[in-house]
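A short worksheet on the structure shown next.
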Amino acid sequence: MKVIWNNQLVERSAVVIDMEDRGYQFADGIYEVIRVYNGSFFTMDKHIDRLFTGAKKIDLTLPFTKTELQKMLSDLIQINQIDTGNVYLQVTRGIAIPRNHVYPDVANVSPVFTASTTIVPRNQEKMNSGITAITLPDTRWLHCDIKSISLLGNIMAKNEAYKQGKEEAILYRDGKVTECSSSNVWMIKAGTVYTHPDGNLVLPGITKMVLLEVARKAGILVKEEAFTLEQLKSADEVFSSSTTAEAMPVIEIDGTAVGTGKPGPIVKQLQQLYLDAVEAQCGKIQ
Ligand SMILES: Cc1ncc(COP(=O)(O)O)c(C=O)c1O
């Protein structure tokens, strides 16, 4: 398996990351996860746009144009023969000595770009059965719109869910549900679908963007409106969304069944609409 390191396709064993890399020292970098179906990228442009938007927010000059990045990632999945899988890519601000919180002058630093692939089939079984979750206070920072490689708050939450034998942590701040540790979260009440609006409290999920679009086109009533923990717990249906998990039913929260305790009709409809969007871009999914 090849990886990308500083715009070159190389063997993973050839990659050298400096101990003074600001990604390693400060988590000073951003990342993306892009899904591949049938050997084609799904919503690649949207992921690349989000990467460029995030880079701007942290004054990081990316070492490629959008077109150059597309070409490198396409070469990577081709050489690794990825049919269904993920591309993980990250860009750090690079190596700066001596260690200093202040961003180094762009003239004195080169961002470090790496990307790798994994083969990950669609987890249809999980999408049919749904997942269990706990709720936790959202103790993360206030720039959750940036897809930062600094994920300590997220991994602490996910690990707490794991310790309790559950699969996801649904986070809340000031009584309002924000998102999950590694996905956006949605609830359905009386036929209306709710999810937290974009802003600094949640990641503007690409899956969320696609789901909003297909739901509205299909005439499903959707509101980008924050909802409370109490509303979440009395919802008819709950689901999370992410690039890797698509629309994933949540069937139990804090030990109590959501609705009937089985994936409901609207999340199933949204799963199908999402799949239709995937197939329209990447071809028939077997
Ligand atoms: C905190 C968080 N929110 C939301 C998402 C969903 O984003 P996307 O749909 O772009 O994968 C992710 C995905 O990794 C995430 O980590």
Zone reached by a paramagnetic label modelled 7 Å from Ala280 Cα along Cα→Cβ, restricted to the range 14-58 with backbone N below 13 Å, covers 43
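Keeping every protein chain in place, order Arg99, Arg50, Arg122 by accessible area at 1.4 Å, biggest value first, i.e. largest first. Could the numbers behind the result be given before it?
Values: Arg99 130, Arg50 30, Arg122 50 Å².
The ordering from most to least exposed comes out as Arg99, Arg122, Arg50.
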If one builds a Gaussian network model of the chain from Cα atoms under 10 Å apart, the most fluctuating residue listed among Val267, Val214, Val15 is Val15
Contact order relative to length for the range 162-286, counting C-alpha pairs under 8 Å separated by 6 or more residues, stands in percent at 23
Scoring only Lys, Arg, Asp and Glu (+1, +1, -1, -1) among other residues with Cβ under 13 Å from the Cβ of Asn6 yields -3
Here the gain from full extension of Asp49 to Thr228, 0.36 nm per residue of separation minus their alpha-carbon distance, amounts to 61.4 nm
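For a quick check of your reading of the filter: which GluC sites (Glu not before Pro) in the range 1-52 sit in a DSSP loop and have no more than 15 other Cβ atoms within 10 Å? Write down the numbers at each step before the final one.
Working: sites: Glu11, Glu20, Glu32; in loops: Glu20.
Passing both the DSSP loop test and the Cβ count: Glu20.
Find the relative contact order for the chain and round it to a whole percent, using C-alpha pairs within less than 8 Å whose residues are 6+ positions apart.
Numbers: 552 pairs, mean separation 52.1, N = 286.
Reported relative contact order: 18 percent.
Starting from the Cα gyration tensor of the range 94-165, take the square roots of the eigenvalues, sort them a ≥ b ≥ c, and report rounded, prolate or oblate (rounded when a/c is under 1.5, otherwise prolate if a/b is larger than b/c, else oblate). Working shown, then result.
On the way: a/c = 3.42, a/b = 1.78, b/c = 1.93.
It is oblate, given that a/c is not under 1.5 and a/b is not larger than b/c.
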Dipole check, the chain, charges on Cβ (K,R +1; D,E -1), about Cα centroid: among Gly264, Gly199, Thr132 the Cα furthest to the positive pole belongs to Gly264
Counting only backbone N atoms under 20 Å from a point 7 Å out along Cα-to-Cβ of Asn100, the residues of the range 7-40 in range are 18-29
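Treating only the Cβ of Lys, Arg, Asp and Glu as charged (+1, +1, -1, -1), what charge dipole size does the range 220-286 show about its Cα centre? Round to the nearest 20 debye. Intermediate values should be presented prior to the final figure.
Details: 5 positive and 10 negative charges, 41 e Å.
Here the size comes out at about 200 debye.
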Per its Cα gyration tensor (rounded if a/c is under 1.5, else prolate when a/b beats b/c, else oblate), the range 80-134 is best filed as oblate
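Rounded to the nearest 20 Debye, what is the dipole magnitude of the chain about its Cα centre when Lys and Arg each give +1 and Asp and Glu each give -1 at the C-beta?
On the way: 30 positive and 33 negative charges, 42 e Å.
Around 200 debye, computed over the chain.
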Looks like the range 10-152, by Cα gyration tensor root eigenvalues a ≥ b ≥ c and the a/c under 1.5 rounded cutoff (else prolate when a/b is bigger than b/c, oblate otherwise), is oblate
Helix 265-282 sits off the longest principal axis of the Cα atoms of the chain, rounded to the nearest 10 on a 0 to 90 degree scale, by 30
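Per residue, how big is the convex hull of the chain when only Cα atoms are used? Give it in Å³. The partial results should precede the final answer.
Details: hull volume 38.0 nm³, N = 286.
Spelled out: Cα convex hull of the chain, divided by residues, is 133 Å³.
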Taking Cα atoms only, helix 206-217 is inclined relative to the longest principal axis of the chain by an angle, in degrees rounded to 10, of 40
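For the chain, report the accessible area per residue in Å² (1.4 Å probe, heavy atoms, rounded to an integer). All intermediate terms of the calculation are to be shown ahead of the outcome.
Working: 13890 Å² over 286 residues.
Using a 1.4 Å probe on heavy atoms only, each residue of the chain averages 49 Å².
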So, over other residues within a Cβ distance under 14 Å of Ile206, counting Lys, Arg +1 and Asp, Glu -1, the net charge is -3
Magnitude of the Cβ-charge dipole (Lys and Arg +1, Asp and Glu -1) of the range 2-119 about the Cα centre, nearest 20 debye, reported as 220
Extension length gain for Ala190 and Ala27 (0.36 nm per residue less Cα distance), in nm, is 54.5 nm
Residues whose modelled amide H sits under 5 Å from the amide H of Leu221, counting only those 5 or more places away in sequence or on another chain, are Val193
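Quick check on my link table: of Lys126/Lys233; Lys46/Lys268; Lys166/Lys284; Lys57/Lys284; Lys56/Lys166, which ones sit more than 28 Å apart, alpha carbon to alpha carbon?
Working: Lys126/Lys233 21 Å; Lys46/Lys268 24 Å; Lys166/Lys284 32 Å; Lys57/Lys284 37 Å; Lys56/Lys166 36 Å.
Long pairs (Cα-Cα over 28 Å): Lys166/Lys284; Lys57/Lys284; Lys56/Lys166.
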Percent relative contact order for the range 122-197, counting Cα pairs under 8 Å at least six residues apart, stands at 27
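Suppose the chain between Arg216 and Leu151 were pulled fully straight at 0.36 nm per residue; how much longer would it get relative to their current alpha carbon spacing?
Details: separation 65, 0.36 × 65 = 23.40 nm, distance 3.17 nm.
That works out to 20.2 nm of additional length.
The values are calculated or read from the model by the stated rules, or taken from the named source; none is laboratory data. All values reported here derive from a predicted model rather than from experimental measurement. Neighbour counts are summed over all protein chains in view; Cβ atoms, including those assigned to glycine, are modelled from backbone coordinates with ideal geometry. Side chains are part of the model used for accessible areas, which takes the heavy atoms of the whole protein and leaves out ligands, DNA and RNA. Shrake-Rupley method; radii C 1.70, N 1.55, O 1.52, S 1.80 Å.
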